[in-house]
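All remarks here apply to the structure that follows.
The values are calculated or read from the model by the stated rules, or taken from the named source; none is laboratory data. All values reported here derive from a predicted model rather than from experimental measurement. Using ideal geometry, Cβ is built from the backbone for each residue, glycine included, and neighbour counts are taken over all protein chains shown. Side chains are part of the model used for accessible areas, which takes the heavy atoms of the whole protein and leaves out ligands, DNA and RNA. Shrake-Rupley method; radii C 1.70, N 1.55, O 1.52, S 1.80 Å.
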Amino acid sequence: MEMYKVNSYLLSEEAVDLPTCMYKVPNIHRGTTDTQNAGEYPVLQNLELRQTEILKRLYDLKAVVDGLSKTVLTPDADLDIAEIDHACLIPKIHTVANLSSVLGKSPGVLQDIVINANPSEVPLSLLVLHGLLCQQYKVLSSVHVHSSVQNVPSKLWNCLGEGNRSHSRREYQLGFTLVWKDVQKPQMKFSVQSMCSIEGEGNVARFLFALLGREYNAVTSTQIDNWVDVAIFQLKKGSNKEKAAVLHTLNSSLGKNPWLVGVDLTLADIMLYCALKQTELANVPANVQRWVKSCENLACFHLALKQLK
């Protein structure tokens, strides 16, 4: 029940157009006049043409790059070390190595190398390298004991061999002095003037091996350096799992070649042999055992073998 009735305000039921804005004003930014006169500004036309040309060049360059990516391969993607010609792995050995170029020129003074090492951890690799140096040069060898260590075993006093000291100092080409001292790692000095110091068994071994005058290409040099690091950081100082992995890789590599890198003895063989002997691992694979015997048949390993007995 409704209280009262009122009449409708609308006179008709036709639709009414409602405004979409409160009021209309002309567009001052884009009027009809500007549109008609747009072609009258050559600067804008040149800018549009330049943009179009730049975009076209970019698309052309993109097409060229896409084409090259389908034909050019990554340099190391398909490089198989096993397929490298073994002829390139043969070192170029100089008949006469120039020690002055490495140790510096000291007229009238014997070029001497002094190495400090801890007797509790004998650097066997340096003894092997000493043997190789003696095969190529006239080496004046000597062993001393620093006051920082006590009770040095008698065999360490003669670790560089008896030697032949009947000649005068001037007749030798190289001096090799080993000092047993309380140091954390082997240290070497080879220049009296600058007293340049090299630390670490691997670094000292690299330096001594370089005195032999052997040159290798980039691939072989990288392989040798890698094996040296493996010997120092994984085989000697690594965990049991790392040592087992090194043995597996070592056995696989020696199944293809008599030596670790190429067809000749390198620093890689020396470092791995010494690290293996000092680690004393059990269950050595067959290829590794054969390689160990090959190393021990060489005269340069005899001094290291005496220290292991």
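General remarks:
- On the stretch given as the stretch 111-155, residues that are hydrophobic (A, V, I, L, M, F, W, C), open to solvent by less than 30 Å² (accessible area, probe 1.4 Å), touching a Lys or Arg at 6+ places or on another chain (Cβ under 9 Å) and closer than 21 Å to Phe207 by Cβ total 5.
- Within the stretch 218-233, being more than 14 Å from Leu267 (Cβ to Cβ) and open to solvent by 70 Å² or more (accessible area, probe 1.4 Å) holds for Ala218, Phe233.
- Qualifying residue in the stretch 263-273 (condition: in a loop (DSSP other than H, G, I, E, B) and under 30 Å from Leu156 (Cβ atoms)): yes
- Whichever residue in the stretch 274-301 is modelled with pLDDT under 90 and in a helix (DSSP H, G or I) and, among such residues, is most open to solvent (accessible area, probe 1.4 Å): Gln278
- The requirement of being over 23 Å from Lys185 (Cα atoms), within 18 Å of the chain's Cα centre (by Cα) and of a type in the set (S, T, N, Q) is fulfilled somewhere in the stretch 222-241, by at least one residue.
- Hey, Leu160 touching a residue at least 12 places away in the same chain (Cβ under 8 Å) and open to solvent by less than 10 Å² (accessible area, probe 1.4 Å) or not: no
- Leu267 satisfies every condition listed in (1) farther than 27 Å from Val114 by Cβ; (2) in contact with an Asp or Glu (Cβ under 9 Å, 6 or more places away or on another chain); (3) open to solvent by less than 50 Å² (accessible area, probe 1.4 Å) except (1).
- In the stretch 232-255, residue nearest to Asn283 (Cα to Cα) [restricted to those that are modelled with pLDDT under 90 and polar (S, T, N, Q)]: Asn240
- Within the stretch 236-264, residues that are open to solvent by 50 Å² or more (accessible area, probe 1.4 Å) reach partners that are modelled with pLDDT under 90 and not in a helix (DSSP H, G or I) with beta carbons closer than 7 Å, at six or more positions or on different chains, in the pairs Val263/Ile90; Val263/Asn257; Asp264/Ile90; Asp264/Pro91.
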